[in-house]
Amino acid sequence: MAHVLSLHLYLSADASKTSPPMPLKFSKRTNKHNKSISAPRKRPPSPLRRTQKLNLEVSPHRAVSAVRLMRIEMGGAFADLLNEKGKGSGDNEMGYVERTLGFRTKDLDDRDLRLVTDIVGGTIRWRRYLDHLICSLCHDERKFRSMEPLLLQIIRIGFYEIVKLDMPPYAVVDENVRLAKVALRPGAGNMVNGILRKLVLLKETNSLPLPILEGDDRAQARALATLYSHPVWMVRRWTKYLGQEEAIRLMQWNNGEPSFNLRANSGKGVTRDDLVMQLNLLKVPHELSLHLDHFVRIKKGMQIVIQAELLKQGLCSVQDESAGLVVSVVNPQPGESIIDCCAAPGGKTLYMASLMDGQGMVYAIDINKGRLRILRETAKLHQVDTVITTIPADLRVFAETYPMKSDKVLLDAPCSGLGVLSKRADLRWNRSLEDLEELKILQDELLNAASKLVKPGGILVYSTCSVDPEENEDRVDAFLLRHPEFQIDPVDAYVPPDFVTERGFYFSYPVKHSIDGAFAARLVKT
């Protein structure tokens, strides 16, 4: 949560561990089309130029959503809340629209911003389901596969608005047709008109062409993957570990509207009562966390919180309770020396530091110098910079080079992120079985390195934001075989009983606990 103004870094603060911190096998793929969706120039267009390219007939939220979906699919944006910088980001998004489509629409108001958030997140979550419908109505898979990116996004938006948002169907048809005609050409508008009208008719007669859940395990997995819009490999994996009914419940959770947690910044002297008072003044509905004293849960109103600058002032941070409970497993105490491996963007680092009453030190190690710089800036804002030292380094190299030993070591490892799919809508489409195998190798390497930094009698905490046992319990078991000097220290003294597994690990499960999925093992060096 290193950037207090950016919700995409909130999502990264616990879910960004879903990407490895070292530029080895996991470097981000580049796309040859990225130039067409690059960031707009910082110099604003002249008023004359802006007026010449202003189109008041095109719906602003649909234009922004279509361009943003293109950027996300091509790797140029995060699939998170649009209004990540408060009131100014609407104009920023309109800059992308002008650069990509050649015109601007009227400015986005608050309702437009909320719609963009709903449409972008929902369209990404339901992409496989929507594409199945689109392909069925095209009656030609080759035609669907060859559809140009912008046209496909416009059609996906229309399908999502009609099928999942239940918007007035013919208004949806008219406005998406208008966008296609202006942004592309009249023929594209005619195609959008035809396919959306087919969809409206099928929906009104309750005859959408959906797959039937029948056949062998593979056939049923394919049907479930379409009906609940997840990759087939993920459905098969969860069916294997959880059973079909529980796999369906997990997918339903992932497709639901996510809730968010705010953590009162105790390092700055802000109590949860102070935060609640601010939320009451802003009329943001909220609930107190049942598990953590500093946390408040909100379902609606995140944009209000951002625009009121509660994050910018450092009064609170956006952090899921599942991540806060990992810190509880670490149980940081004043005066201790703690190493946070793969720390950036620093959500857990900041929380641990806030609990240390200005005594002791948290050493934040990460290979990404830029994100460590942001962490340092945020630590100053949160008034915990005196107990945080950042170390730019590859953990594996650092552990071999420096004989540093600490009371506690937290390895919040890069992982698949299968526990945070409700917030990271795009992550399900950016993961594969091959990624999991490579991540398991990396997790083992990082665990070996982290173990060298623990002093005798000290604690090593291994955590992920995954619900997959091969990234969680299996990695701990493999580690203990390699390192018999460590043994499991049950977490029941640090987290509520409902989160403690039979073997003494911490595990939060989205369907059961209504928070992100996470895992942590507390290991003591004997």
Please name whichever of Val270, Ala518, Leu179 sits farthest to the positive end of the charge dipole of the chain, dipole taken about the Cα centre and charges placed at Cβ: Lys and Arg +1, Asp and Glu -1. Leu179
From largest accessible area down, sort Arg145, Arg482, Arg237; use a 1.4 Å probe on the protein chains. Arg145, Arg482, Arg237
Å² of accessible area per residue within region 60-205, as computed with a 1.4 Å probe and no ligands counted: 40
Relative contact order, percent, the chain [alpha-carbon distance under 8 Å, six or more residues apart]: 15
Can you send over the carbon and sulfur percentage of the accessible area for the chain, probe radius 1.4 Å, protein chains only? 51
Is the chain best put as rounded, prolate or oblate by its Cα gyration tensor, with a ≥ b ≥ c the root eigenvalues, rounded for a/c under 1.5, and otherwise prolate when a/b is larger than b/c, oblate when not? prolate
If one computes the Cα centroid of region 229-280 and of region 483-505, what distance in Å separates the two points? 22
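Nearest 5 percent is fine: what portion of the DSSP beta bridges confined to region 279-392 is antiparallel?
Antiparallel: roughly 20 percent of the beta bridges in region 279-392.
Considering only DSSP beta bridges where both residues belong to the chain, give the percentage that are antiparallel (nearest 5). Let's see the in-between values first.
Details: 22 of 42 bridges.
So the antiparallel bridges in the chain amount to around 50 percent.
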Need the C-alpha centroid separation for region 175-218 versus region 350-394, integer Å. 50
List the trypsin sites (Lys or Arg not before Pro) within region 278-365 that fall in a DSSP loop (any state other than H, G, I, E or B) and whose Cβ has at most 13 other Cβ atoms within 10 Å. Lys283, Lys299, Lys300
Summing -39500 (n - 2.57) over the DSSP H runs of n ≥ 4 in the chain and dividing by its residue number, what mean residue ellipticity at 222 nm do you reach, to the nearest 500 deg cm²/dmol? -14000 deg cm²/dmol
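When ligands, DNA and RNA are left out and all protein chains stay put, how many square angstrom of accessible area per residue does region 260-318 have with a 1.4 Å probe?
On a per-residue basis, region 260-318 sits at 47 Å².
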Over 27 Å between C-alpha atoms is what I'm after, so list which of Lys268/Lys525; Lys348/Lys369; Lys164/Lys300; Lys240/Lys512; Lys53/Lys198 land there. Lys268/Lys525; Lys53/Lys198
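Counting alpha carbon pairs within less than 8 Å and at least 6 residues apart, what relative contact order, in whole percent, applies to region 187-235? All intermediate terms of the calculation are to be shown ahead of the outcome.
Values: 21 pairs, mean separation 10.0, N = 49.
The normalised contact order for region 187-235 reaches 20 percent.
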Can you give me the accessible area per residue for region 321-525, using a 1.4 Å probe, in Å²? 33
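The values are calculated or read from the model by the stated rules, or taken from the named source; none is laboratory data. Keep in mind that this is a model prediction, so the values were computed, not measured. Counting neighbours? That spans all protein chains shown, and the Cβs are built from the backbone with ideal geometry, glycine included. Just so you know, the surface numbers come from the protein's heavy atoms only, side chains and all, with ligands and any DNA or RNA stripped out. Shrake-Rupley method; radii C 1.70, N 1.55, O 1.52, S 1.80 Å.
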